[in-house]
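This report refers to the structure that appears directly beneath it.
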Amino acid sequence: VCFTLGGSDCSISFVSHVLGKVCVRGRQKEMLSVLVPGLAELSRADCIWQRMCWRLLECVPERWMEAVLLGFLQTAPGADDLSRLLGNLVVKNKKAQFVLTQKVLLLQYCHKTAVLQNLLGYLSLDPLRRPLLVTVLQELLETWGSSSAMRHSPLEQQQYISKAILICLSHLKEPEIESCRQELLTSMMEGVKCHLDSNLPRIRRLGMIVAESISVKINTEGPALKFQYEEDDEVRELKSLLVQTTPCSAVPSLPDEEENEEAAGLPSASDSDQKSPTAAPLLPAEDSDSELDSDDDLIPYDMSEDKELGTKAPLYLRDCMEVLTGCEDVDKWEATVKALESLIRKNPAATREVSVELAKILLHLEEKSCVEGFVELRQRAQVAVLTTDPIPVAQYLTSQFYSLNYSLRQRVDILDVLVLAAQELSYPNSHGKTKHSVAPKPGIQLLPGSDSSKDWRRIVDERIKSKTRRIATLVSRLCVSLGQAQVELPSGPNEFNSVAGHFFFPLIQHFDRPLTTFDLLGEDHFVLGRLVHTLAVLMYLAVNTLAVTAMGKALLEFVWTLRFHTDSYVRQGLLSCVSSVLLSVPAEHLLEDMTEELLETQSWLGDVVEKDPDGDCRRLALQNLLLMENLKKKLPLSLPS
């Protein structure tokens, strides 16, 4: 494109209008994928082309400026090229400044990491633009540290903002850090508190990574923050954003002599100096041999078959209880903890005599020594007690969940034990030693970092499979008709049938009564989320029990009370509760006894699908709507759409 005619100047505003019109009509990829690389190549060698590019963008009308800038950000090869193409447009044009410093960073989160690197690198490459970089960082930190923004924004947007903060930190210089050190510290403390209060592990980890990065920048001399979290690809990608890969950061080449020495495999002088103190004592070999003790020539005894004498565990439950409560012998205490579960299962009659007292001891049991797998051993013993004597122990545990003077960890332990025991009771012989080659039943465990959406998607798949006729069924019938022998699968009564109400109803009764040290509807929302997920699992395991209809009706009322909770983990649990009700309660009872509740729930699910910021909540709500559609297909006249 030539912008001169016979040596006279020509206006390029018409070209700017054409460019803006094409980009706003959605054709910026086709146009700019060719135009931007060409202009970047021309502007590297000719400052005239740089000024022409600046003028081209300055003449774009404001109503089309956003589309043009986004196209340039996405197609520019790098921040250097973007700086030559845009110049100081972000300083001169208010619309461009709003798009680049507000809209792309704070209101949108669909762009790739390369777009963020181009944009923030562009702001850092000119002294006139660097104040905008500091301002952008402060606004990003304000959004990152806002508890309201964290509750109402999806996880993807929080990851996007965290990446932008880390890239900004990588471009900051020491004078700029010194000028806003106190503001960075304040924002870091507020933001890390909000993130650590979240129930979602990925959000907590984002807060840890960003807080560590800010701490390293502002505390160059003193110790920096350090958290413990699992390293994965996402963590490594975030940490890599703090390192700028610029040509000037290349390692300087070695002198010729050192290069030749290294190429020949010879040690350098510095290496030999460092190794000489340690190598010197090795020279006098004869002196060192003479100093050896003559006792070293003796042949040692063979102790390979020797076994360490261990402490025997008590043989009676009452003796075990005495050891756990008052014994000072650490070895005996450890042996008792390891043997307790098997002793409980071998002596069910003796366990029933002391079940509640033993459950109380295990609930308050603390680790005296470093026992490997202590938490699991204690939990398995608690499950064994609860499955051996379900009703009194369940009544005790559920009553203690809402009692005073218990830590949050103990309350979560109660919920986990109830879930595991209910699962064992609903699947007979699940704790036995033999494993049968049958289809696996959906096992649900409430792990601290589990993704509930995956669990419940797996549950729905299992239920769909269980209701689908397979070819294997026809084959088995054919075998029977031909007189061939079949392997009889193990079966037994569902022991959870008679005790499901004792597990479920006490937990759902007092959730709205705050205590002095325990407020489910307040700051203890993490335990509320675990409680909601526990109720969902108990509801699912109560399928085909006598109390399932009453449990489903009570659970839908519970869900309706908490449907507008601000925590996404709690909302995920509520949607899982709806899935459990739809899967466990018979369709006839659902449509006869809970028609009004289902209609209200259906309306709420529609709002969640359209408006909830959390992606897992939207998927669970859509899944529940599909389950309701299946109910309507079964009995189309019972539930109006």
Among the residues of region 151-162, how many are touching an Asp or Glu at 6+ places or on another chain (Cβ under 9 Å) and part of a helix (DSSP H, G or I)? 3
Out of all the residues in region 362-376, which are open to solvent by 30 Å² or more (accessible area, probe 1.4 Å) and among the aliphatic types (A, V, I, L, M)? Val375
In the set Leu35, Leu42, Leu82, the lone residue that is open to solvent by 40 Å² or more (accessible area, probe 1.4 Å) and in contact with a Phe, Trp or Tyr (Cβ under 8 Å, 6 or more places away or on another chain) is Leu42
For region 386-419, which residues satisfy the criterion of being buried (at least 17 other Cβ atoms within 10 Å of the Cβ) and outside any helix (DSSP H, G or I)? Asp389, Tyr402, Tyr406
Is it the case that Ser603 is over 26 Å from Leu507 (Cα atoms) and at pLDDT 90 or above? yes
How many residues does region 314-355 hold that are open to solvent by less than 30 Å² (accessible area, probe 1.4 Å) and either of a type in the set (A, V, I, L, M) or in contact with a Lys or Arg (Cβ under 7 Å, 6 or more places away or on another chain) (or both)? 11
Assess whether Asn93 counts as being in contact (Cβ under 8 Å) with a residue 12 or more places away in the chain and surrounded by fewer than 21 Cβ atoms within 10 Å (Cβ to Cβ). yes
If I filter region 213-234 down to residues being among the β-branched types (Val, Ile, Thr) and open to solvent by 40 Å² or more (accessible area, probe 1.4 Å), which single residue comes out as nearest to the chain's Cα centre (by Cα)? Val216
Of the residues Phe496, Phe518, which is among the aromatic types (Phe, Trp, Tyr), modelled with pLDDT of 85 or more and buried (at least 17 other Cβ atoms within 10 Å of the Cβ)? Phe496
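The values are calculated or read from the model by the stated rules, or taken from the named source; none is laboratory data. Remember, predicted model here, so these are calculated numbers, not experimental data. Virtual Cβ from ideal backbone geometry, glycine too; neighbours counted across all protein chains shown. For accessibility, only protein heavy atoms count, side chains too; no ligands or nucleic acids. Shrake-Rupley method; radii C 1.70, N 1.55, O 1.52, S 1.80 Å.
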